[in-house]
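This report refers to the structure that appears directly beneath it.
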Amino acid sequence: MEEKKIYGYVRVSTKKQKEDRQLIALSERKVPKENIYVDKQSGKDFNRPMYQRMLQHLKEDDVLFIKSIDRLGRNYEEIQQQWRVLTKEKKVDIVVIDMPLLDTRKGKDLLGTFIADLVLQLLSFISEQERCTTRERQKEGIEAAKLRGVHFGRPIKPLPDDYEQIYDQYKNKEITAKEAARRCDITAATFYRRMKQEEMEK
């Protein structure tokens, strides 16, 4: 019989985030470095290159360590589905380091399986709720900032010192909108928009 192997999975949402804490946690569990798979992308789904590569290597009775359930994913239904794939189809054991109840090596009886499934459902639900709450707070924060006059996107280009003169010349039909925009170093569409804004503020 082939000897079971120990694997570790690490995920950070962006390339700027550090995976150090997760790697330390896996190292403390004696997970071999060559068996650790790291993805640097969102957990909204499981279309991640290293996760998919790891799936191909996992065999029955292997053990997979992850630091927390949200490192596996952020989508409630997909976490449930992947948990079933790993434990039922692949017949792999999963150990969630931050949640000792989620250790499928323990409690292989019906009660142990029931408790693990219940905890998984609860944690997966909480993980997704937190994600939705964070997204809603970001949306509310942006709306509040807009009401305070905070601008998002590219910074607004300042108008030249002689804008008033350019504006008067355009209004007196001495120059075209295209020429006025060129002298302001902006596009004609932006010139029209800024002109309307200036007129409204006067």
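The values are calculated or read from the model by the stated rules, or taken from the named source; none is laboratory data. Since the model is a prediction, treat every value here as computed from it, not as a measurement. Positions of Cβ are generated from backbone atoms using ideal geometry, with glycine treated the same way; all protein chains shown enter the neighbour counts.
Scan segment 8-43 for residues that are more than 14 Å from Arg71 (Cα to Cα) and not β-branched (Val, Ile, Thr) and jot them down. Full working, then the answer.
Keep residues of segment 8-43 that are more than 14 Å from Arg71 (Cα to Cα), which gives 15-16, 24, 27-35.
Once the filter is applied, which keeps residues that are more than 14 Å from Arg71 (Cα to Cα) and not β-branched (Val, Ile, Thr), segment 8-43 yields Lys15, Lys16, Ser27, Glu28, Arg29, Lys30, Pro32, Lys33, Glu34, Asn35.
Could you check segment 168-191 and list, in sequence order, the residues that are part of a helix (DSSP H, G or I), over 38 Å from the mean Cα position of the chain (by Cα) and more than 14 Å from Ile156 (Cα to Cα)?
First, the residues of segment 168-191 that are part of a helix (DSSP H, G or I): 168-171, 177-184, 188-191.
Then drop every residue that is not over 38 Å from the mean Cα position of the chain (by Cα), which leaves 168-171, 177-184.
Result: Asp168, Gln169, Tyr170, Lys171, Ala177, Lys178, Glu179, Ala180, Ala181, Arg182, Arg183.
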Does Arg53 count as surrounded by fewer than 15 Cβ atoms within 10 Å (Cβ to Cβ), touching a strand residue (DSSP E or B) at 6+ places or on another chain (Cβ under 8 Å), on the phi < 0 side of the Ramachandran plot and modelled with pLDDT of 80 or more? yes
Reported set for segment 86-105 where residues are surrounded by 14 or more Cβ atoms within 10 Å (Cβ to Cβ) and either touching a residue at least 60 places away in the same chain (Cβ under 8 Å) or more than 18 Å from Phe125 (Cα to Cα) (or both) is Leu86, Thr87, Lys90, Val92, Asp93, Ile94, Val95, Ile97, Asp103, Thr104
Condition check for Ile69: of a type in the set (A, V, I, L, M, F, W, C), buried (at least 17 other Cβ atoms within 10 Å of the Cβ), at pLDDT below 90 and in contact with an Asp or Glu (Cβ under 9 Å, 6 or more places away or on another chain): yes
Which pairs do you get when a residue that is aliphatic (A, V, I, L, M), found in segment 8-22, comes within reach of a residue that is surrounded by 22 or more Cβ atoms within 10 Å (Cβ to Cβ), reach meaning Cβ atoms under 6 angstrom, with the pair 6+ apart or on two chains? Val10/Gln22
So which residues in segment 2-28 are under 22 Å from the mean Cα position of the chain (by Cα) and assigned to a loop (DSSP other than H, G, I, E, B)? Ser13, Thr14, Lys15, Lys16, Gln17, Lys18, Glu19
